[in-house]
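Here the structure is laid out as structure tokens; the discussion comes afterwards.
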Amino acid sequence: MSLIAKDSGDGSFTPVPPGMHLARCYRIVDLGTQKSEYQGQIKHLQKVMIQFEVHGEDDKGKALVTNKGEPMSISKNYTLSLAEKATLRKDLQAWRGRDFTPEELRGFELKNILGAWAMISVAKSIGNNGKEYTNIMSVNPVPKQIKSAGLPEGLNKLSLFSIEDPDMELFETFSDGLKSKIKASPEWQSRENAMSKNARSEEHTSELQ
């Protein structure tokens, strides 16, 4: 299955520090339909997570790596929409440096951004639960000067997770929180129910033979 946008952690996680960072998109995750609340209004919207690996140094010249020596990771969740006011559309247009064509607005394959480099702006914010988070505020193209100097080699394997045709090996690498979010979606539950129904049907057929 393709993820097409249309017009219509755990305790060991190391947060990316605030600032502007060079980053590479390496994973896109279909979250299914999720409950969203904004200004007192509750909506159920199809969501997608875009994940980046970050390359560079902090203000003290220390490499932005985890305890394992790997690039830090940060993600942003979007409503899967290219409507005029959609954040996904705004970020992708800023990142690409141009507006979408009418043809692209009828269906844009998100897999096209896998492996693409960007300059992401990261800032801290306080969530509704009172906890502090680091969030991607903007996604911009990489300046020509940085490109000409040479981009680093990406570490993570490029991957796209779809609920319709899930890569379960990839799914098992997700954090418990991400797994729970995906499993709570009606798309995942519908798939699980269909699989259970088919299994019972096959078992019944086997008993009759």
Scanning for something surrounded by 13 or more Cβ atoms within 10 Å (Cβ to Cβ), in a loop (DSSP other than H, G, I, E, B) and among the polar types (S, T, N, Q), does the range 93-114 turn up at least one residue?
no
Determine the pairs where a residue that is closer than 16 Å to Cys25 by Cα, located within the range 62-90, has a partner that is in a helix (DSSP H, G or I) with Cβ atoms under 8 Å apart, the partner being 6 or more residues away or on another chain.
Lys76/Asp91; Tyr78/Thr87; Tyr78/Leu88; Tyr78/Asp91
Residues in the range 132-156 that are closer than 17 Å to Ser75 by Cα and open to solvent by 100 Å² or more (accessible area, probe 1.4 Å) total 2
Taking the options Glu187, Glu207, Glu192, name whichever one is modelled with pLDDT of 95 or more and either surrounded by 10 or more Cβ atoms within 10 Å (Cβ to Cβ) or not in a loop (DSSP other than H, G, I, E, B) (or both).
Glu187
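Of all residues being of a type in the set (S, T, N, Q) and open to solvent by 40 Å² or more (accessible area, probe 1.4 Å) in the range 69-92, which is nearest to Met20 (Cα to Cα)? Just the residue, please. Quick ask: steps written out before the conclusion?
Going residue by residue through the range 69-92, those that are of a type in the set (S, T, N, Q) are 73, 75, 77, 79, 81, 87.
From what is left, the residues that are open to solvent by 40 Å² or more (accessible area, probe 1.4 Å) are 75, 77, 79, 87.
Numbers: Ser75: 15, Asn77: 19, Thr79: 24, Thr87: 19 Å.
Restricting to residues being of a type in the set (S, T, N, Q) and open to solvent by 40 Å² or more (accessible area, probe 1.4 Å), the top hit is Ser75.
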So if I check each of Glu57, Glu53, which one is under 14 Å from Ile120 (Cα atoms), open to solvent by 40 Å² or more (accessible area, probe 1.4 Å) and either modelled with pLDDT under 95 or among the acidic types (Asp, Glu) (or both)?
Glu57
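The values are calculated or read from the model by the stated rules, or taken from the named source; none is laboratory data. Predicted model, so just to flag it, every value in this text is computed and none were measured. A quick note on method: Cβ atoms are made from the backbone with ideal geometry, for glycine too, and the neighbour counts reach across all protein chains shown. We work out accessible area using only protein heavy atoms, side chains counted, and drop any ligands, DNA or RNA first. Shrake-Rupley method; radii C 1.70, N 1.55, O 1.52, S 1.80 Å.
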